[in-house]
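**Q** Okay, handing you the structure first.
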Ligand SMILES: Cc1ncc(COP(=O)(O)O)c(C=O)c1O
């Protein structure tokens, strides 16, 4: 048996919309991108959503918005030490400096008790990550942010469908950045989207994704049959060549939006299936404590069913890498549970952190892995995963 990490559902709606877009010859961001933004905003319950070309760009652009509101290049953004490396990369790509805070073992997420000590007079934002779809402790994070006048940007790349104390992830900070990469529940193949209640933030985001130009319309009508841009000379010179801020080239195109709209069509059904898979797997993995652990879904939350994290006990008679190799041999695809960005990812070495400074993040970096919980996973495949894990542990202990 083989258990792949992920899958993709491409619906008939997506296929039809792709054909329509190709026939219309309007392929860069237009009506379909706008439709995806409107539907995504409705889903999270935010006033606005702005689609971009990746989750990393969603993180970076959300932070870059802050230059319009007083931030200076080189200011600091607090992020968890454990995340997919894109979180730290995005802070640097936006021109800020990442300040890393360790995570908690039980939640995988930024330890709220350590945040305040990381705040300096250069801190402009905190970017919690809802890792593996488990909501970060947003009430405490928002309270700290209010005290120190920081912007909160949720890195919700992995948290589609997650709920925290009855509120949707994506609507809890000032902005939230989702990835629509193929591994995620709602996908446009490559893509990302920023949600926010702030119309002024959304306007800046629309400019930032398009080189910082003075265009902020919700839907660009250039190169369409309805007469083109009526605002083109409103600012005196051609609006598309007036650059108001340092921007990015981070637009989503119509074909990606078509796949995203198709994916949204089956969202509830896919979410339910993945959530059932996740809860079943969490429940059945508990029998393998104290050798292998996973997280729990608490009463105040719904975990966004991105994947199942596992971590091997410190004193287990086998290593994470031995377990991962075994899974590979028996046909079960896994991924490492990322690394401590400041101390286990070479690109951040210039910041001068030393191994041992982020013990929990480093622990997951050496002891953690994660597996798919996707919609095409069958009950037999889940049985096979549990049986295989049980056989490995029985043989090693
Ligand atoms: C936590 C986190 N942040 C950011 C990203 C970046 O998203 P993308 O791969 O779409 O750039 C990812 C990727 O999945 C992620 O897991």
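**Q** Could you rank the peptides 295-308, 180-193, 344-357, 314-327 by their average count of other C-beta atoms within 10 Å per residue, with the highest value first?
**A** 180-193, 295-308, 314-327, 344-357
**Q** On C-alpha positions alone, give me the angle between the axis of helix 138-148 and the longest principal axis of the chain, in degrees, nearest 10.
**A** 50
**Q** Tell me, how many Å apart are the Cα centres for segment 1-45 and for segment 120-160?
**A** The distance from the Cα centre of segment 1-45 to that of segment 120-160 comes to 29 Å.
**Q** Can you sort 259, 10, 194 from fewest to most other Cβ atoms within 10 Å of each residue's own Cβ?
**A** 10, 259, 194
**Q** Per residue, how big is the convex hull of segment 12-265 when only Cα atoms are used? Give it in Å³.
**A** Considering the Cα atoms of segment 12-265, their hull volume per residue is 113 Å³.
**Q** Here is a further query. Can you give the Rg/Rh ratio of segment 344-397, where Rg is from the C-alpha atoms and Rh is the Kirkwood radius?
**A** My calculation of the ratio gives 1.20.
**Q** Is the shape of segment 1-111 best called rounded, prolate or oblate, per the rule: a/c under 1.5 gives rounded, else a/b larger than b/c gives prolate, else oblate, with a ≥ b ≥ c the square roots of the Cα gyration tensor eigenvalues?
**A** It comes out oblate by the Cα gyration axes.
**Q** Ranked from highest to lowest mean number of other Cβ atoms within 10 Å per residue, what is the order of the peptides 128-140, 29-41?
**A** The most tightly packed comes first, giving 128-140, 29-41.
**Q** So how many Å³ per residue does the convex hull of the Cα atoms of segment 267-396 work out to? Each step should come with its number before you reach the end.
**A** Values: hull volume 17.8 nm³, N = 130.
For segment 267-396, the hull spanned by Cα atoms encloses 137 Å³ per residue.
**Q** Still on this structure: Would you mind telling me the antiparallel percentage of the DSSP bridges in the chain, rounded to 5?
**A** 65
**Q** Further, regarding this structure: If you fit an axis through the alpha-carbon atoms of helix 199-208 and take the longest principal axis of the Cα set of the chain, what angle between them do you get, 0 to 90°, nearest 10?
**A** Roughly 90 degrees between the two axes.
**Q** Further question on the same structure: Against the longest principal axis of the chain, how steep is helix 379-396, in degrees 0 to 90 to the nearest 10, with axes from Cα atoms?
**A** Helix 379-396 sits at roughly 50 degrees to that axis.
Since every read-out is calculated from the coordinates, none of them should be taken as a lab result. Values in this document were obtained by computation on a predicted structure and should not be read as measured data. Methodologically, a virtual Cβ is constructed for each residue, glycine included, from the backbone with ideal geometry; neighbour enumeration extends over all protein chains shown.
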